[in-house]
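> Handing you a structure now.
The values are calculated or read from the model by the stated rules, or taken from the named source; none is laboratory data. Model, not experiment: these values are computed from the prediction. Cβ coordinates were reconstructed from backbone atoms using ideal geometry, including for glycine residues, and neighbour counts include every protein chain displayed. Side chains are part of the model used for accessible areas, which takes the heavy atoms of the whole protein and leaves out ligands, DNA and RNA. Shrake-Rupley method; radii C 1.70, N 1.55, O 1.52, S 1.80 Å.
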Amino acid sequence: KWFRAQAILLGVTFCELLAGFLLMGQRYALLLAAVTALVDALPVFGTGTVLLPWAAACLLAGQAPRAVALAALYAVISAVRSLLEPKVMAAQAGTIPYELTCAVSKRVPRVYLQNGQVTERELLLRF
């Protein structure tokens, strides 16, 4: 389930990168989007590992509009991922996004409500 959630997020990131590169008129947009998305899939690395140094190099080379476009693309991808990741991961884990966002542990009992009334309590931590 975790792998499926990661694949969904990777696909969304790839589509965002491809759209951004095509809007910028970047040559080899498909290849660059695929490589950047694969770097994003690696632990610790992310799209910023590719996009931010590239934006800095463009800025130093006097290509300010391209640098701004790359930085904006990174900002959009980060914002979308921050909003989408808890929802996708929670859907695959069978829980709610808030639980993943806050990293609620098994020590906290789950309380299920229906029409404002407690219908079930479940303590996940067993001794």
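> Name every residue in segment 16-27 that is small (Gly, Ala, Ser) and open to solvent by less than 40 Å² (accessible area, probe 1.4 Å), in order of residue number.
Of everything in segment 16-27, just one residue is small (Gly, Ala, Ser) and open to solvent by less than 40 Å² (accessible area, probe 1.4 Å), namely 20.
> Follow-up question, since we're still on this one. How many residues are part of a helix (DSSP H, G or I), of a type in the set (Ser, Thr, Tyr) and surrounded by fewer than 17 Cβ atoms within 10 Å (Cβ to Cβ) if we restrict to segment 28-66? Explain how you work it out, then say what you get.
At the first step, the residues of segment 28-66 found to be part of a helix (DSSP H, G or I) are 29-41, 48-60, 64-66.
Next cut, of a type in the set (Ser, Thr, Tyr) only: 36, 49.
Remaining after also requiring surrounded by fewer than 17 Cβ atoms within 10 Å (Cβ to Cβ): 49.
Of the residues in segment 28-66, 1 are part of a helix (DSSP H, G or I), of a type in the set (Ser, Thr, Tyr) and surrounded by fewer than 17 Cβ atoms within 10 Å (Cβ to Cβ).
> Also, I was wondering about something else. Quick one: is residue 9 open to solvent by 80 Å² or more (accessible area, probe 1.4 Å) and either in contact (Cβ under 8 Å) with a residue 12 or more places away in the chain or in contact with a His (Cβ under 6 Å, 6 or more places away or on another chain) (or both)?
The answer is no for residue 9.
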